[in-house]
1. Counting other Cβ atoms within 10 Å, keep those with at most 10, restrict to DSSP loop, and tell me which trypsin sites (Lys or Arg not before Pro) in the stretch 238-281 are left.
2. What are the GluC sites (Glu not before Pro) within the stretch 233-332 that DSSP puts in a loop, where the Cβ has at most 12 other Cβ atoms within 10 Å?
3. Which value in nm describes the separation of the simple spin-label points at Glu236 and Lys283, placed 7 Å from the Cα toward the beta carbon?
4. Express as a percent, rounded to the nearest 5, the fraction of DSSP beta bridges in the stretch 218-420 (both residues included) that run antiparallel.
5. By counting other Cβ atoms within 10 Å of each Cβ, how are Tyr243, Tyr252 ranked from fewest to most?
6. Which FRET efficiency value, to the nearest 0.05, is calculated for Asp275 and Lys245 with the Förster distance at 45 angstrom and r the Cβ-Cβ distance?
7. Whose amide H sits under 5 Å from the amide H of Val362, counting only residues 5 or more places off or on another chain, with H placed in the peptide plane?
8. Once the piece of chain linking Gln308 and Gln136 is laid out straight, how much longer is it, given 0.36 nm per residue of separation minus the C-alpha distance between them?
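Read the figures in this text as sums done on the coordinates, not as results from a lab. Because the structure is a prediction, the values reported are computed rather than measured. In this analysis, Cβ positions are derived from the backbone assuming ideal geometry, glycine residues included, and neighbour counts consider all displayed protein chains.
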Amino acid sequence: MALIEVKIPQMGEGVVEATIIKWHVKPGDTIKTDDVLCDIATDKVDSEITAPNDGTISEILHKEGDVVPVGKTIVTIQTSKEGQVVYSTQSSNPTFQTVASVKSETVDTKNMKDNTKPSFSAFLSPLVKQIVQQHQLTNEEISQINGTGIDGRITKDDVMQYIQSKQKNVDIPFKDSTKLSSPPNPPLVVSEGDRIIEMDRVRKLIAEHMIRSKQISAHVTSFVEADVTHIVIWREKNKDPFYQKYGIKLTYLPVFVQALTRSLLKYPMLNASVDEDKIMIKKNINIGIATALPNDNLIVPVLKNADQLNLLGIIRGINDLATRARENKLQPAEITGGTFSVTNLGTFGTLAGTPIINQPQVAILGIGTIQKVPSVIETSQGDMIAIRSKVILSLSYDHRIIDGMLAGKFLKYFVEQLTNISLEEI
């Protein structure tokens with residue numbers, strides 16, 4: 001007999017831990033290869049952990065709701081394989097590694113003699129403990145950090161926000177309401193007939209990310225109007241033949257994305273991230289496409305290396321990501337690594353908006369609805385009034401590194417790209 005240790009897999013860039021949502025097995029259960037063992041979730045994506053081999057559940061090491069670092073064992077399986085095996089689930093091509101012995105890693109913080117590694121009164125994951133020890137935070141400081149994780153647990157982002165605020169000597173959110181710089185919200189008054197709906201896990205994560213983005217970036221939004229009459233005419237001409245040929249609905253969004261990638265090549269400062277006082281300009285242009293899900297939540301799949309795709313490639317890529325997003329079939333790597341985001345506000349008839357930046361990016365483009373409006377145009381016979389198709393574009397950007405002048409130049413160039421774009425026959 002052999003023992004298989006199933007570990008939390010690497011779930012994509014920046015993901016260091018996962019939450020166990022639900023166990024589908026219990027000790028003693030007989031399982032077959034690819035049976036679902038449990039559901040896990042990160043702030044990026046939900047996934048299933050499946051059985052690597054036939055066998056019997058030996059031990060479940062973490063309960064539902066536990067936050068487990070990547071690479072940690074969550075369940076062991078007795079199998080007929082020879083030797084002891086460590087298994088780490090992957091999205092595809094799982095690998096096995098035979099080892100002589102495997103010891104569980106335990107950290108006894110209570111008996112640490114090193115003053116830089118104090119004992120902690122609050123529950124902290126191994127990653128958070130490591131950060132706390134590196135920055136020599138005291139128990140008193142830890143007690144002041146407002147945990148945003150499950151059951152109020154302190155996450156890596158909570159600690160990093162505290163450390164950054166401490167270094168810059170600015171106010172931070174404390175649990176003690178007397179220390180808040182602004183008064184707390186008054187209690188809600190519930191009247192007869194009111195309904196109280198508990199936020200689901202995804203909605204809580206979205207709320208947390210939006211608030212954190214506002215706290216991190218100095219948000220400014222600029223607006224511009226673009227005449228896209230030629231794009232509307234092109235789509236009307238091509239949408240039916242395109243659907244018959246490829247089985248894909250032809251939308252305006254891919255045209256905007258193609259013009260956007262060219263604009264980011266011209267102004268790479270908008271394709272960047274900020275790390276304290278350092279600016280990291282990204283080599284790749286990976287466009288995050290905000291996608292509404294059937295349950296009214298939101299996900300942002302990423303079109304990788306969009307600048308290397310022609311219009312047909314962009315159309316296919318966006319359609320594939322959006323379809324699988326709505327079917328909950330995206331892989332973790334497909335929702336990470338974005339360098340710039342787009343939200344299509346016009347899908348629901350919105351004229352314009354002020355979207356919130358998707359951290360750690362520094363800008364996001366909002367595309368309003370395209371509508372026919374009377375417009376003054378210049379002709380060889382003089383100015384005339386004509387019906388044109390126009391759209392309002394909004395650019396939210398991080399004022400820490402992007403000034404109004406740069407944002408204005410970017411939007412002007414983007415409109416020029418839309419106006420002069422050569423739409424190929426597809």
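1. Lys249
2. Answer in residue order: Glu276, Glu327.
3. 4.5 nm
4. The antiparallel proportion sits near 80 percent.
5. Tyr243, Tyr252
6. 0.50
7. Under 5 Å from the amide H of Val362 lie the amide H atoms of Ala272, each far enough along the sequence or on another chain.
8. 57.4 nm
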